[in-house]
Amino acid sequence: MTMDDKDDVRERVNHAAEEAAHSATADKAKGRVKEAVGKVKEKVGSAIGDRELEAKGTAQRVEGKKDRLKGEIKDKIDDVKERVEVGIDVVKEKIDEARGKK
């Protein structure tokens, strides 16, 4: 594997990680907002005796938690993917060194 190939792989990995991170960040932010709004609806519904509003708030809070967790999972997957790519590069470099190519 040439240095240009390695640079290309690193660039692609970094680009993919950046895209996924933004998506994960957006999911987490959207989830936190939904959770907060849902919690307020739950409290208001409970305080005024509006069971329907309370139920809608619970559903929105749960949906927000799902979105937030989805974002957190994306972050973890990206971390693992990046570590695997780096590990692959290290192994390839060691193989090249052992073959005397470096």
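Mind ranking ASP4, ASP75, ASP67 by accessible surface for me, highest first, 1.4 Å probe?
Largest to smallest exposure gives the sequence ASP4, ASP75, ASP67.
Between ASP50 and THR25, the contour length at 0.36 nm per residue exceeds the alpha carbon distance by 5.6 nm. Once the Cα atoms are used to define both axes, helix 3-48 deviates from the longest principal axis of the chain by about 10 degrees. Between ARG32, ARG83, ARG68, the residue with the greatest mean-square fluctuation in the GNM of the chain (Cα pairs under 10 Å linked by springs) is ARG83. Accessible surface for the chain, divided over its residues, is 72 Å² per residue with a 1.4 Å probe. Segment 6-65 and segment 71-102 have their alpha-carbon centroids 31 Å apart. Output the 0 to 90 degree angle, nearest 10, between the alpha-carbon long axis of helix 51-98 and the longest principal axis computed from the alpha carbons of the chain. The helix 51-98 is inclined about 10 degrees to the chain.
Counted by Cβ distance under 14 Å from LYS56, the other residues give a net charge of 0, where Lys and Arg count +1 and Asp and Glu count -1.
Length, then width, then depth: along the principal axes, the Cα atoms of segment 10-86 run 57, 15, 12 Å. Take the Cα of ILE88, step 7 Å toward its Cβ, do the same at GLU72, and the gap between the two points is 2.9 nm.
Restricting attention to segment 61-102, the count of lysine pairs at 8 or more positions apart or across chains with alpha carbons under 24 Å apart stands at 11.
The values are calculated or read from the model by the stated rules, or taken from the named source; none is laboratory data. All figures in this text were calculated on a predicted structure; none of them were measured in a lab. We place every Cβ from the backbone using ideal geometry, glycine too, and count neighbours over all the protein chains shown. With ligands, DNA and RNA removed, areas are computed over all heavy atoms of the protein, side chains included. Shrake-Rupley method; radii C 1.70, N 1.55, O 1.52, S 1.80 Å.
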